[in-house]
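**Q** One structure, as structure tokens, below. Some questions next.
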Amino acid sequence: MSPVAHKPLLATVLGQRQERPPVWIMRQAGRYLPEYRETRKQAGNFLDLCYTPELAVEVTLQPLRRFDLDAAILFSDILVIPDALGQPVRFETGEGPLLEPVDVAGIDRLDRARAADHLAPVIETVRRLRATLPAEKTLIGFCGAPWTVATYMLNGRGSPDQWTARRFALEHPAAFERLMDILVETSVNYLAAQLEAGADVVQIFESWALNLDDAAFARQVIEPNRRIVEGLRRIIPDAPVIGFPRGAAGNLARFAANTGVNALGIDYSTPLDFIRTHLPPDLPVQGNLDPLRLVVGGEAMDNQVRAILEACAGRPHIFNLGHGIVPDTPIAHVERLIALVKEG
Ligand code: CP3
């Protein structure tokens, strides 16, 4: 068997439909697991957990010990990139990420030369995971897409409408393009290092692909994602990439056609019928259960899982949530979900 045949999830990203879809759960390591909360206590702050390979390996593997998942996703965060560029990131309980916002002058002070050294512990985590994981498990590396990362860098914290960053992109086009250039270059090097250290595939999280008009979507979402894929393939010609433009809605097909990603992550507000009617039949898709259905369980979950399986049955499909798992998810519901996907 070829190496690809040993890894059903990687094979699906590369376009080979499986009898039963492989499955992983977005944000599968984290606070809904008691063992995660335990390890987290040992780490001090959240980024220390990301930068300590021994602990990061441990939390990456925790969900795979409990559940029959087809992939491990590197434990890190999309905001290690601004942190690595010299814009420190803090996580306060209940607050989410906090940064000192960058302005035009702050963008010029970002220091790309220090990024690789700063991120070396994350690459070491990938190396150790590859050495530990069974051959049939796909190891997923990741980064945030430049636009999504920029929304945090420019606003200093999450925001429901990305107002600060959207306004900055219009008012300071040259500085905004410099910021995109820095993030594209740093992300390409970071993802290439992850693949070279043993990741099988990388996912680019574009969590804020919403609230953008036609021209802004092209400039802020499509173009930076496309440049990352292109830059990565200059270093690793066949690099497998999953794109996840959350909220792209009517722009989904355009994203898939113009960025060069192998597979497309679908958020839960995308109608199943849209997948059938608007996406090429051979395009691998990943998704798209509402995480709230996993919290509630029962028929609310089972019926929609069956509907997703049926809608994607004819194409390469990776089963997943349509956004990250939430902390109050019962573990028994995750077990049930995986049994349903694996056995029907
Ligand atoms: O299993 C995994 O997927 C773990 C690795 C991972 C984390 N964050 C760990 C994390 C991944 C892939 C991410 C991606 C991420 N981080 C995204 C994209 C996906 C999405 O949800 O849209 C975004 C936007 C972030 C930024 C971020 N990190 C926020 C907004 C927050 C606070 C809110 C939250 O979800 O907790 C984080 C913190 C974070 N990242 C935690 C974890 C496990 C919780 C930290 C804690 O232990 O307190």
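**Q** Once phi is turned into ³J(HN,Hα) by the Karplus curve 6.51 cos²θ - 1.76 cosθ + 1.60 with θ = phi - 60°, what whole-Hz value does each residue of the range 135-142 show in order, with x for glycine and proline?
**A** Per-residue couplings from phi come out as 4, 7, 8, 7, 9, 9, x, 6 Hz.
**Q** Name the long-range amide H neighbours of Asp267: under 5 Å, sequence gap of 5 or more, or other chain; modelled H, no Pro or chain starts.
**A** Hits under the 5 Å cutoff: Gly247.
**Q** Mean separation of Cα pairs under 8 Å and 6+ residues apart, divided by the residue count of the range 127-223: what relative contact order is that in percent?
**A** This gives 47 percent for the range 127-223.
**Q** Once a ≥ b ≥ c are taken as the square roots of the eigenvalues of the Cα gyration tensor of the chain, is the result rounded (a/c under 1.5), prolate (a/b larger than b/c) or oblate (a/b not larger than b/c)?
**A** In terms of gyration-tensor shape, rounded.
**Q** Using modelled amide H (1.01 Å from N, peptide plane; none on Pro or chain starts), what sits under 5 Å from the amide H of Ile318, excluding residues fewer than 5 places away?
**A** Amide H neighbours of Ile318, under 5 Å, 5+ apart: Val285, Gln286, Gly287.
**Q** At most 14 other C-beta atoms within 10 Å and a DSSP loop state: those are the exposed GluC sites (Glu not before Pro) I care about. Give me the longest piece of the chain that has none.
**A** 137-344
**Q** For Lys7, go through the lysines and keep the ones whose alpha-carbon is under 26 Å away, minus same-chain ones fewer than eight residues off.
**A** Here the lysines satisfying the reach criterion relative to Lys7 are Lys137, Lys342.
**Q** Work out the FRET efficiency for Ala215 and Glu38 from their Cβ-Cβ distance, taking R0 = 56 Å, and round it to the nearest 0.05.
**A** It comes out at approximately 0.70.
**Q** Mind putting a number on the dipole of the range 3-343 about its Cα centre? Charges go on the C-beta only, +1 for Lys and Arg and -1 for Asp and Glu, and I need it in Debye to the nearest 20.
**A** 400
**Q** Here's another thing I want to ask about it. Expected output is a single nm value to one decimal: the length gained when fully extending between Ala174 and Asp273, i.e. 0.36 nm times separation in residues minus the C-alpha distance. What is it?
**A** Taking 0.36 nm per residue and subtracting the Cα distance, the gain is 31.6 nm.
**Q** Pick out, from Pro53, Ala313, Val184, the residue whose Cα sits farthest towards the positive end of the charge dipole of the chain, with +1 on the Cβ of Lys and Arg and -1 on the Cβ of Asp and Glu.
**A** Ala313
**Q** I've got another one for you. Per the helix-only calculation at 222 nm, which mean residue ellipticity applies to the chain, given -39500 (n - 2.57) for every DSSP H run of n ≥ 4 and division by its residues, nearest 500 deg cm²/dmol?
**A** -14500 deg cm²/dmol
**Q** OK, next. About the Cα centre, and with charges only on the beta carbon of Lys, Arg (+1) and Asp, Glu (-1), how big is the dipole of the range 80-219? Nearest 20 debye, please.
**A** Dipole size: approximately 300 debye.
**Q** Treating only the Cβ of Lys, Arg, Asp and Glu as charged (+1, +1, -1, -1), what charge dipole size does the range 61-104 show about its Cα centre? Round to the nearest 20 debye.
**A** About 260 debye.
**Q** Placing +1 on the Cβ of each Lys and Arg and -1 on the Cβ of each Asp and Glu in the range 3-343, which of Leu264, Ala215, Thr148 has its Cα farthest towards the positive end of the resulting dipole?
**A** Checked the options; the winner is Leu264.
**Q** Relative contact order for the range 3-343: what is it in percent, counting Cα pairs under 8 Å that are at least 6 residues apart?
**A** Relative contact order, the range 3-343: 22 percent.
FYI, it's all coordinate maths here, none of it is from the lab. Just so you know, these numbers come straight off a predicted model, no measurement behind them. Quick reminder, even Gly has a Cβ in these numbers, built from the backbone with ideal geometry, and neighbours come from all protein chains shown.
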